[in-house]
Structure formats: structure tokens, C-alpha cells
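Peer 1: Before anything else, here's the structure in question.
The values are calculated or read from the model by the stated rules, or taken from the named source; none is laboratory data. In this text the structure is predicted, and so the values were computed from the model without any measurement. Cβ placement follows ideal geometry from the backbone for every residue including glycine, while neighbour counts extend to all protein chains displayed. Surface areas here come from the heavy atoms of the whole protein model, side chains and all, with no ligands, DNA or RNA. Shrake-Rupley method; radii C 1.70, N 1.55, O 1.52, S 1.80 Å.
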Amino acid sequence: MKQEYQDLILQACDASSLRVGAKIQTLWSGYGEIVRLHLEGCNRPSVVVKHVKFPEEAEHPGGWNTDRSHTRKVKSYQVETHWYQNYSTNQSCRIPACLAACSYGDEMLIVLEDLDVAGYDQRRTSVTDREIKACLSWLAHFHALFLGVAPEGLWPVGTYWHLETRPDELEAMDDAELKAAAGDIDRILSECRFKTIVHGDAKLANFCFSQSGNDVAAVDFQYVGGGCGMKDVVYFLGSCMEERECEKRVPGLLDYYFSELKLSLKKDVEFHALEKEWREMFAFAWTDFHRFLLGWRPGHWKINQYSKQLTKEVLRKLKQ
């Protein structure tokens, strides 16, 4: 790590020395890495550093190496930096504190609180009902906190699969009916009356759990922006449940999300109208992500009967 980066981190944390620890992960398409740094001489034993370095040639797992793809990723890191520097949440929707952030040419550095030290040291590849509810509670509190807040400095429309930013994937789709309806689906979601700020990539892998599984914190805010809260909910549920589980469990989990949302909203919000609208948006949000998958990776495991059934319902509604 360059000396200037080390100096920035030492100064931000008031530390006397640092040691580069384990690499936590490589960033998507080889755009850098996330590493843990161990500190001496301060009250933080460690920090997590997201070090973005734009590659000369990206290695996209799906082969989507285009100028548009690169431009989107660059903006996503700028948005994430802005998010951490300018937005904050509360204990009910915990995120890591940003200790420093800067840009050096084609490199960016975000220095974050180590959530492992804060008690969120568990990661999950499969989840219990209690853990799913902990994540839904996080989303409900997050959406309540930012209900009606303009996404200044963020994506105008959050989520990494937003139609306007994914014309290549739309073009690659084989499903002609859904392809033709994609614009209408996007418009309906964008015109909903109740808008919030959405995480934009609320998959299971982006939640950090406490030992008990009762509490979670979220990371990875590259695609945070405006929109309907259902976009996060459908993406999260689809990331941790297969189609048969979705058929069985989604109704009850949606009820739980809305009960948490109601508890965390201010009293002057027309909750009944919000819930009615967002429940109607559930199938549209699910279909919107299904549309993206069909163009991006047609063999993806999330393209299942549950998604196809919701898509049929949405297409039927659009014809009415």
C-alpha cells in the first residue's frame, strides 16, 4: 500500500503504525480489493479499507466488458464515497462509520469501521427465519428513515439493474413480451407515490450478523439511490430463498416487513396508502429484476417458476 494512503489512514485513526492484514475480497471485475488493516497506538484495533483501482482491462465474469459497464462502475464508487461521507443511519439500520475517503487519479480509498470489532462478525450463506427477519427489519428501518428523502449525490434511481443503466442486457433478452413491457414496468415503479432511498444491492452477502443472528449491519452502497422500497425486499428474498421457499414463505415475510416499517415510521405518514401501493409494487419489482437476469445471465438459478409466475401476473395487469 502506498505511503500516502498509509499516512491518511494513520492520521484519520490517530494511530502510530499499521499492518496490512488479510484480503477480505477482490472487488467485482478486478476493480480493486477490500483489506483489513491492523492498527497500533489508537483505540481501534483494526479498520477495513475498500481500495478501488480501475483496471486497464476489466475481467467481468459474464463477459460484459464495455465502456458503459466501466463508466457505471466508476460512478458506483463515486456514489458510494458520497454516501459514506454525507449520509448516516441509526442503530436500527447499522452501517460502518466512514473514517476517511479520498481519490487519487484512477484510485479511490474508503476507510471504514471494522464491523467485526463492533460485534457483527458473522457472515451467512444460508439463513434461519430469525436471520431473514433481522435483515428485513434492517431494510424496513432504512426505508422508514429515508422515506421522502431526495437521493442527492446518489443514483437518481437506485439498484444495479435499473433499466436506464442496462440497455445492453435489455437488448440481449430473448423474451420479446417482457422486453417490450420493460419500459412500462420501470415507469410504474418510478412513478410510485411513496419513495425512499434503497440500498440497491441488498443481497444476503452484504449483511453482517451478530453472534446471535438477531442484529445485522449492511455494507456495499455502490448502487444506493431513490426508489420504491420493494426493490430491496424482492432482491433480498430472492438472494436467500429458492422458488419453493418463496411460494411458502414470502406472504408471511412481507407481513413482517410491513409490521416493522409501520413501527419505525413517523406518525404523520399515511401508512395504509403506503402499504397498499408497495404491496402492489412487489410483483413489478420482482419482474423488473427478472427482466435484468434474462438479459444478463439467462441460465441464472434465480430464473425460476416463482419469478416466471409473478412476471405473467404483471404482464397480464399491463394488458388490462
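Peer 1: Give the longest segment of the chain that steers clear of trypsin sites (Lys or Arg not before Pro) in DSSP loops with at most 13 neighbouring Cβ atoms within 10 Å, not counting the sites themselves.
Peer 2: Working: sites that count: Lys2, Arg123, Arg193, Lys266, Lys267.
Between exposed loop sites, the widest span is 3-122.
Peer 1: Roll a 1.4 Å probe over the protein chains and send me the accessible area per residue for the chain in Å².
Peer 2: Details: 14880 Å² over 320 residues.
Heavy-atom accessible area per residue stands at 47 Å².
Peer 1: Using the basic label-point model (7 angstrom from Cα toward the beta carbon), what is the Arg187 to Lys262 distance in nanometres?
Peer 2: Rounded to a tenth, the inter-label distance reads 3.4 nm.
Peer 1: Per the Kirkwood treatment, what hydrodynamic radius in Å, one decimal, follows for the chain from the mean inverse distance over all distinct Cα pairs?
Peer 2: 20.6
Peer 1: Let me ask you something else. From the helices alone, meaning DSSP H stretches of at least four residues, give me the mean residue ellipticity at 222 nm for the chain, per-run term -39500 (n - 2.57), in deg cm²/dmol to the nearest 500.
Peer 2: On the way: 9 runs with 143 residues, N = 320.
My calculation for the chain gives -15000 deg cm²/dmol from helical runs alone.
Peer 1: Here's something else I'd like to know. For the pairs Lys195/Lys312; Lys276/Lys317; Lys75/Lys179; Lys248/Lys312, note any where the Cα-Cα span goes beyond 21 Å. Please report the intermediate quantities before stating the final value.
Peer 2: Details: Lys195/Lys312 25 Å; Lys276/Lys317 16 Å; Lys75/Lys179 26 Å; Lys248/Lys312 19 Å.
Violating the 21 Å limit, Cα to Cα: Lys195/Lys312; Lys75/Lys179.
Peer 1: Okay, next question. Using the Cβ atoms and a cut-off under 13 Å, what net charge is assigned to the surroundings of Ala283, where Lys and Arg are +1 and Asp and Glu are -1? Walk me through the numbers before you get to the answer.
Peer 2: On the way: positive: Lys231, Arg279, Arg291, Lys308, Lys312, Arg316, Lys317; negative: Glu277, Glu280, Asp288, Glu313.
Here the charged neighbours net out to +3.
Peer 1: Summing Lys, Arg as +1 and Asp, Glu as -1, what charge do residues with Cβ under 14 Å from the Cβ of Lys203 carry, Lys203 excluded?
Peer 2: Every neighbour counted, the sum reads 0.
Peer 1: Same structure, new question: Can you list which of the GluC sites (Glu not before Pro) found in region 161-222 are DSSP loop residues with at most 11 other C-beta atoms within 10 Å? Numbers along the way, then the final one.
Peer 2: Working: sites: Glu164, Glu169, Glu171, Glu177, Glu191; in loops: Glu191.
Hits after loop and neighbour filter: Glu191.
Peer 1: I would also like to ask the following. Between the alpha-carbon centers of region 21-41 and region 85-114, tell me the distance in whole angstrom.
Peer 2: After rounding, the separation between the Cα centres reads 14 Å.
Peer 1: How much of the DSSP bridge set in the chain is antiparallel, in percent, rounded to the nearest 5? Write out the running numbers ahead of the final one.
Peer 2: Working: 34 of 36 bridges.
In the chain, approximately 95 percent of DSSP beta bridges are antiparallel ones.
Peer 1: With r defined as the distance between the Cβ atoms of Arg123 and Glu247 and R0 fixed at 35 Å, what FRET efficiency is calculated, to the nearest 0.05?
Peer 2: The pair Arg123/Glu247 has a calculated efficiency of 0.85.
Peer 1: Relative to the present Cα-Cα distance, how much length would full extension add between Glu280 and Lys319 at 0.36 nm per residue of separation?
Peer 2: Details: separation 39, 0.36 × 39 = 14.04 nm, distance 1.59 nm.
Gain on stretching Glu280 to Lys319: 12.5 nm.
Peer 1: Another one. Share of the chain's accessible area from carbon and sulfur, percent, 1.4 Å? Let's see the in-between values first.
Peer 2: Values: 6990 of 14880 Å².
Of all accessible area on the chain, carbon and sulfur atoms account for 47 percent.
Peer 1: Once you put a point 7 Å from the Cα of Ala205 and another 7 Å from the Cα of Gln3, both along the Cβ direction, what distance in nm separates them?
Peer 2: Output for this residue pair reads 3.7 nm.
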